[in-house]
Amino acid sequence: MTTFAIVHGAGDVGWSWHLVAAALEAKGHTVIAPDLPTEDESKDLTDWASTVVAALPSTSDVVVVGHSFGGFVAPLVAARINASALVFVTAMLPRPGEAPGDWWQNTGYADSGLEDQFWHDVPAHLAEESQKRERDMSETSMAKPWPLEALPALPTHFVLCTEDRFFTPEFMRKVVADRLGVEPVELAAGHCAQLSKPNELAELLEKYAR
């Protein structure tokens with residue numbers, strides 16, 4: 001079966017993916033979702049990728065999934081292990097040499113102005129636990145240019161969340177068309193789909209397994 005390597009977003013933890021992991025593991029797959037060293041100023045994005053690679057029990061038949069800021073890290077993992085597929089979930093799509101801190105202006109990002117941009121559709125007990133686990137982001141991770149010359153040449157997919165108040169669907173459709181050139185798969189969920197629609201997200205991810 002397939003191994004899913006999950007790269008969580010900024011200030012987040014692997015715990016956020018425990019429901020998706022349970023759904024995929026129930027189907028016989030393996031899931032790893034390590035906590036990344038987001039607060040460590042001595043670590044850059046390549047070190048974050050190393051954390052994911054080190055957690056893999058095998059590099060055979062791995063689908064790498066990047067959520068939100070994890071979009072900057074997931075391709076680094078996928079390129080290093082020759083992954084079978086790369087999946088972005090309402091994620092930032094990098095360009096060569098682009099520092100994550102510059103992504104916002106480069107893509108024309110504008111705050112939606114909507115309230116509760118992350119947990120509005122997440123069950124209250126999960127939203128509360130998620131907020132308790134929030135962590136800081138290092139300046140190093142935001143300032144260093146993205147190191148690859150291009151996205152890895154492998155099957156690549158994008159899950160666009162149509163109820164996302166942080167990366168709105170209108171904004172993300174433009175970014176995906178401009179930077180990835182694929183037709184996104186749409187999921188009726190907010191930014192934290194891994195907590196609000198875990199079973200539906202797991203079903204989508206399983207389609208990308210061999």
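The values are calculated or read from the model by the stated rules, or taken from the named source; none is laboratory data. It should be emphasised that the depicted structure is a prediction, and the values quoted were computed from it without experimental measurement. Ideal geometry is used to build each Cβ from the backbone, glycine not excepted, and the neighbour counts take in all protein chains shown.
Only one of SER16, SER42 is buried (at least 21 other Cβ atoms within 10 Å of the Cβ), touching a residue at least 24 places away in the same chain (Cβ under 8 Å) and not in a strand (DSSP E or B). Can you tell me which?
Of the residues listed, the single one that is buried (at least 21 other Cβ atoms within 10 Å of the Cβ), touching a residue at least 24 places away in the same chain (Cβ under 8 Å) and not in a strand (DSSP E or B) is SER16.
Among the candidates ALA74, ALA21, ALA33, which residue alone is touching a strand residue (DSSP E or B) at 6+ places or on another chain (Cβ under 7 Å), modelled with pLDDT of 95 or more, buried (at least 17 other Cβ atoms within 10 Å of the Cβ) and closer than 18 Å to ARG135 by Cα?
From the options ALA74, ALA21, ALA33, the qualifying one is ALA33.
Results for (1) touching a helix residue (DSSP H, G or I) at 6+ places or on another chain (Cβ under 6 Å); (2) touching a residue at least 40 places away in the same chain (Cβ under 8 Å); (3) within 24 Å of ARG95 (Cα to Cα), shown as yes or no for each residue.
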| residue | (1), (2), (3) |
| --- | --- |
| PRO169 | no, no, yes |
| MET172 | no, yes, yes |
| ARG179 | no, yes, yes |
| GLU183 | no, no, yes |
| ALA189 | yes, yes, no |
| LEU195 | yes, yes, no |
| GLU200 | no, no, no |
| GLU206 | no, yes, no |
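Determine whether the range 198-210 contains at least one residue that is within 16 Å of the chain's Cα centre (by Cα), at pLDDT below 95, in a loop (DSSP other than H, G, I, E, B) and crowded, with 16+ Cβ neighbours inside 10 Å.
Yes; the residues of the range 198-210 include at least one that is within 16 Å of the chain's Cα centre (by Cα), at pLDDT below 95, in a loop (DSSP other than H, G, I, E, B) and crowded, with 16+ Cβ neighbours inside 10 Å.
Which residue out of MET92, MET1 is over 16 Å from the mean Cα position of the chain (by Cα), outside any helix (DSSP H, G or I) and within 27 Å of LEU187 (Cα to Cα)?
Sole residue among the options that is over 16 Å from the mean Cα position of the chain (by Cα), outside any helix (DSSP H, G or I) and within 27 Å of LEU187 (Cα to Cα): MET1.
Can you name the number of the only condition in (1) in contact (Cβ under 8 Å) with a residue 12 or more places away in the chain; (2) out of contact with any Pro (no Cβ under 9 Å at 6 or more places or on another chain) that SER50 fails?
Among (1) in contact (Cβ under 8 Å) with a residue 12 or more places away in the chain; (2) out of contact with any Pro (no Cβ under 9 Å at 6 or more places or on another chain), SER50 violates only (1).
Which of the residues belonging to the range 50-89 are assigned to a loop (DSSP other than H, G, I, E, B) and on the phi > 0 side of the Ramachandran plot?
Within the range 50-89, ASP61, ASN82 qualify.
Scan the range 78-99 and report the pairs whose first residue is within 14 Å of GLU149 (Cα to Cα) and whose second residue is of a type in the set (Lys, Arg), with Cβ atoms within less than 7 Å and a gap of 6+ or a chain change.
Once the first residue is within 14 Å of GLU149 (Cα to Cα) and sits in the range 78-99, its partners that are of a type in the set (Lys, Arg) give LEU93/ARG179; ARG95/ARG179; ALA99/LYS144.
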